[in-house]
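Data first, discussion second: the structure below is written as structure tokens.
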Amino acid sequence: MPAWLMKTEPDVFSIRDLHRMRVSPWDGVRNYQARNFMRAMAVGDTVVIYHSNAEPSGIAGLAEVARTAYPDHTAWDPASPYHDPKDGPAIARWSMVDVRFVAEAKRFLPLDQLRAEPQLADMLLFSRSRLSVQPVEDRHLAWIRSAAGM
DNA sequence: GCCAACGTTGGC
DNA sequence: GCCAACGTTGGC
């Protein structure tokens, strides 16, 4: 089963917010590569939740895909911070999925620790640092689960 | 289709 | 708040 990593700024939406909501749409992704990865997701896929722009940044928990990709209507809403003036219901260029809370990391994994781990050296997190939705290898996921206690 | 200008991400 | 990396836009 494929696994993914999705970034969120905890000041905006954190693993605890997801815990509280249980299921949440993952809106606001405005990058084609990230969008295409979301479109490839299946219900039940594991999602590693990564806190970016945080102190510290790092892996904060686990979620799973609860609904496959559907149009991200926040792009059509002029009042939304994710508004895309070039988009509309007839175009629907952006997608989102729903994610369901699975676990908060018992041990938060800060970026420093991830970078220092040789087994994670080839994670896209480091080579494609600006990609907010990305696939995660099984062996990386196994290491993350074990290190975070989840 | 190239590429310079511009905007955004995200670590620090 | 700064700035490097890098994705996107738009003129040509």
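Put the Cα centre of the range A:95-120 next to the Cα centre of the range A:21-53 and the gap is 13 Å. For chain A, modelled as a GNM whose springs connect Cα atoms under 10 angstrom apart, the maximal fluctuation among A:Met96, A:Met21, A:Met38 occurs at A:Met21.
Semi-axes of the equivalent ellipsoid for chain A, computed as √(5λ) from the eigenvalues of its C-alpha gyration tensor and ordered from largest down, come to 26, 15, 15 Å. Against chain A, whose longest principal axis is taken from its Cα atoms, helix A:138-148 shows a tilt of about 70°.
For chain A, carbon and sulfur atoms together expose 51% of the accessible surface, with a 1.4 angstrom probe and every protein chain in place.
I'd like to know which of A:Met6, A:Leu111, A:Thr46 lies farthest towards the positive end of the charge dipole of chain A, counting +1 on Cβ of Lys and Arg and -1 on Cβ of Asp and Glu. Looking along the dipole axis, the top candidate is A:Thr46. A simple charge model with +1 on the Cβ of Lys and Arg, -1 on the Cβ of Asp and Glu and nothing else charged puts the dipole of the range A:3-148 at about 160 debye relative to its Cα centre.
The values are calculated or read from the model by the stated rules, or taken from the named source; none is laboratory data. Since the model is a prediction, treat every value here as computed from it, not as a measurement. Note: ideal-geometry Cβ built from the backbone for every residue, glycine included; neighbour counts use all protein chains shown. For accessibility, only protein heavy atoms count, side chains too; no ligands or nucleic acids. Shrake-Rupley method; radii C 1.70, N 1.55, O 1.52, S 1.80 Å.
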